[in-house]
1. Local charge sum around residue 236 (other residues, Cβ-Cβ under 12 Å, Lys/Arg +1, Asp/Glu -1)?
2. Can you compute the charge dipole magnitude of region 10-451 about its Cα centre, using +1 on each Lys and Arg Cβ and -1 on each Asp and Glu Cβ, nothing else charged? Give it in debye, rounded to the nearest 20.
3. Run lengths n ≥ 4 of DSSP H only: what is the helix-derived mean residue ellipticity at 222 nm for the chain, with -39500 (n - 2.57) per run over all residues, to the nearest 500?
4. Counting only other residues whose beta carbon sits under 13 Å from that of residue 321, what net charge do I get with K and R as +1, D and E as -1?
5. Helix 349-363: angle to the longest alpha-carbon principal axis of the chain, degrees 0 to 90, nearest 10?
6. Which of (i) 20; (ii) 27; (iii) 41 is the computed percent of Cα pairs over 38 Å apart for the structure on display?
7. Could you name the lysines in cross-link range of residue 218, using Cα to Cα under 29 Å and dropping any fewer than eight places away on the same chain?
8. Which value, to two decimals, describes the C-alpha radius of gyration of region 39-196 once divided by 2.2 N^0.38 Å?
Amino acid sequence: MAKDLTTGTVSTRLRKQATPMAFGLVAIISFDAVDLFFVSRLGDMPLAAIAFCFPVLWLLTSLIIGFEAGAASVISRATGRKDEQMARRQTTDTVVLAGLVMLVVMLIGLATIDPVFRALGATDELMPLVNDYMSIWYWGTPVNAVCWICLASMRARGNALIEGKIITLAAVVNAILDPIMIFGLFGFPRLEIAGAALATVTSNVIVMIGTLSYLHFKLRVFATPFAKFSVVLNSWREMLRIGGPAMLTNTVVPIANSITVAMIAGYGVSAVAGFGVGIRIEPLVLIPFYAMSAVASPFMGQNFAAGKLNRMLEARKVIARFSIAYGLLLTTVLFFAAPYLARLFSHTAEIQDVAITYLRIMAVSYAGYGMVMSACAGFNGMGFPLPGVAISVCRAMLVFLPLALLLRWWLGLDGLFFAGAIANVLLGLVAYKWLGSYIRGHRREETQQQLY
């Protein structure tokens, strides 16, 4: 069930963990791409409505990722110490807490759809479509939280293969249900944009039930949920020490994107829809980066707990080389492929032009963004989340937003995209240097302790 990441060749370990994770991420990110593809067949207005939903969807996902990061950190370090009892305790308690918190968030979200999306710039014409989508999508947030914490607990144990299989199953179910519910096939009522949300929620519920059953009855990764409250509280406190800052780290980006959407709204509905197409294509090409960052946390966590700091420095170099190589590949490929990709999601020239421009400009900076993701995950895995918070806040708020305001005035809509690219490159360099200095600092402390 668990794999020891503290032994073996570093590059091989990272590759073997990241590969199944990448295939799983292809599947999970295809959730959004498949939704967008079918919704685009309904017209430009539904496509724009989905684009207005993106910042809120990212915000909710970021909260879940925070719980996931906290769980992965504490469980991987417990695994590195060979403390399986603590790993089970943390798995159970984090699943319960994440489910409860996201249930409350769901209720708040359902009650605030109209004011939130009007504040983002959604027009009277778009609000009925936004309501149709979000009033269903919100119901899946607690389900998503439970699923992702369960999967993070397996990745923290060094077993990314199970996660990849489960995510792929969820995507297949979603892809089957999407056209049926959106267009009303096989006697099912035609729900259009609401059908996309219902397909996602339904597939997540099916997978959650299967995942919980498999992990409990087959792999026995859960402890009793009826422990003393003091024990559960201590477990929550340790997880939130990492998960709380990780939530802040991940929510900074959706907040910045919300402001970006509001800026782009001034250029018209087609500009918002084109931006929405671009940022839906983007995760598909960034999957290898997401996979590497996902396995960086358990790798760093296990090796830090085992005192294998030299392996961590080597992993940092492997990640940096991969980020640069794949980033250069994306820069070349997207320059030529962006028009073809944009045409898959819209036949409107104005929407295509915005999506193509976004992808071509941002592709130059993806190497830096990949390093940022892996460095933040590495800090979380070690149990030191604050550097990741600082990197994310600086990237989104201190570098991107001021540059966006300046370059929009100078270059118009394109200036917003150039601001994002510059922020990625600058903070990628900072993240690489900071992670290395942190690891070397702990290595010096460990050497001094051994001497004395």
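Bear in mind these aren't lab numbers, they're just calculated from the coordinates by the rules spelled out. Quick caveat, the model's predicted, so the values are computed rather than measured. Heads up, the Cβs are rebuilt from the backbone with ideal geometry, glycines too, and the neighbour counts pull from every protein chain shown.
1. Numbers: positive: 89, 237, 241; negative: 93, 238.
Neighbourhood net charge equals +1.
2. Numbers: 33 positive and 22 negative charges, 436 e Å.
Taking the Cα centre of region 10-451 as origin, the dipole is about 2100 debye.
3. Numbers: 17 runs with 375 residues, N = 452.
The helix-only estimate for the chain comes to -29000 deg cm²/dmol at 222 nm.
4. Details: positive: 15, 316, 317; negative: 314.
For residues surrounding residue 321, the net value is +2.
5. Helix 349-363 sits at roughly 20 degrees to that axis.
6. Only one option fits the structure, namely (i).
7. 3, 16, 82, 165, 228
8. Details: Rg = 18.3 Å, N = 158, 2.2 N^0.38 = 15.1 Å.
Normalised by 2.2 N^0.38 Å, the Cα Rg of region 39-196 equals 1.22.
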